[in-house]
Amino acid sequence: MRLSRKFQKLVSRDAAESLWENACRWTHPVSSRQILAGIDRTELENLRERYPYRTNARKINAYEDAAYWIGVNVKRAQDLWLDRSPPLDILDLGCGAGYFLYLCRLFGHDGLGFDTDEEPFFHGTIEFFKVRRVVGRIEPQTPLPDLGKKFDLVTGHRVCFHRLARAENGEWLEWTPADWEFFIKDIRTRFLKPEGRLLLEFNRRQDGSSFFTDELRAFFESQGARIFRWKALLGADPNRCPRFKQTQKL
């Protein structure tokens, strides 16, 4: 009974936060249809013929589906007010096919991606969207390579670099709080400008529960994070709680 009440509370909070998130987007609408009109969707779909799915790859992530991914990334941009903020320097960790950075450029920002080189299809989309990318891997307790500059915003969407391996029961073995602390400190000291922000968006767990276990929620909050639904927003200064809305030049 206690577990059931706790689950209902979490569901209710998630529903309320989802309603608020959608209301905020409504105040500054962005037309995905208009953005799609500027993309040669036939050429994008043809890239899949040149870069077919890898053996055993999950086809659920159909990255040639521009309508879906533009819709997803428009919401991401709206949530960070990138459609209304002054030009920002943005680093996108795990940039994937490049949709988010493509939108960032449309909104007047300068973006750089960082990702592995394991998905052949991304070769085509990165070139198609004219996205700049540095190839590398994020490892626990290991500094990121020097990128030559600092950023107003560092993002990581549907973060999975913290997953190390699957246990026998199918659950992921993940970074410890100490690993997260190393990573956050590295980003803060080497990649964020004084007023910069780090946004981490996480997938739900296999059972549908939040990424933020009690332990992880307490840890991220100890780092000064603002946690909203499945996202954690951290500032360069751990003593100052950052805001999603950014309307002034950093």
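Taken together, PHE191, PHE244, PHE211, PHE220 contain a single residue that is open to solvent by less than 40 Å² (accessible area, probe 1.4 Å) and free of Cβ contacts under 8 Å to residues at least 24 places away in the same chain, which is PHE211. Of the residues making up the stretch 127-136, one or more are open to solvent by 20 Å² or more (accessible area, probe 1.4 Å), in a helix (DSSP H, G or I) and out of contact with any strand residue (DSSP E or B) (no Cβ under 6 Å at 6 or more places or on another chain). The set of residues in the stretch 194-206 that are out of contact with any Ser or Thr (no Cβ under 6 Å at 6 or more places or on another chain) and open to solvent by less than 50 Å² (accessible area, probe 1.4 Å) comprises GLY196, ARG197, LEU198, LEU200, GLU201, PHE202. Do any residues in the stretch 27-52 that are closer than 23 Å to ASP79 by Cα have Cβ atoms under 7 Å from those of residues that are not aliphatic (A, V, I, L, M), where the two are at least six apart or on different chains, and which pairs are they? Here the result reads HIS28/GLN78; HIS28/ASP83; HIS28/ARG84; VAL30/GLN78; VAL30/ASP83; SER32/GLY71, each pair linking the stretch 27-52 to a residue that is not aliphatic (A, V, I, L, M).
Taking the criterion of being surrounded by 12 or more Cβ atoms within 10 Å (Cβ to Cβ) and in a loop (DSSP other than H, G, I, E, B), the residues of the stretch 147-159 that qualify are LEU147, LYS150. Taken over the stretch 88-126, residues that are out of contact with any Lys or Arg (no Cβ under 8 Å at 6 or more places or on another chain), open to solvent by 20 Å² or more (accessible area, probe 1.4 Å) and in a loop (DSSP other than H, G, I, E, B) amount to 4.
The values are calculated or read from the model by the stated rules, or taken from the named source; none is laboratory data. Source: prediction; values computed, not measured. Using ideal geometry, Cβ is built from the backbone for each residue, glycine included, and neighbour counts are taken over all protein chains shown. Areas reflect the complete protein model, heavy atoms only, side chains present, ligands, DNA and RNA absent. Shrake-Rupley method; radii C 1.70, N 1.55, O 1.52, S 1.80 Å.
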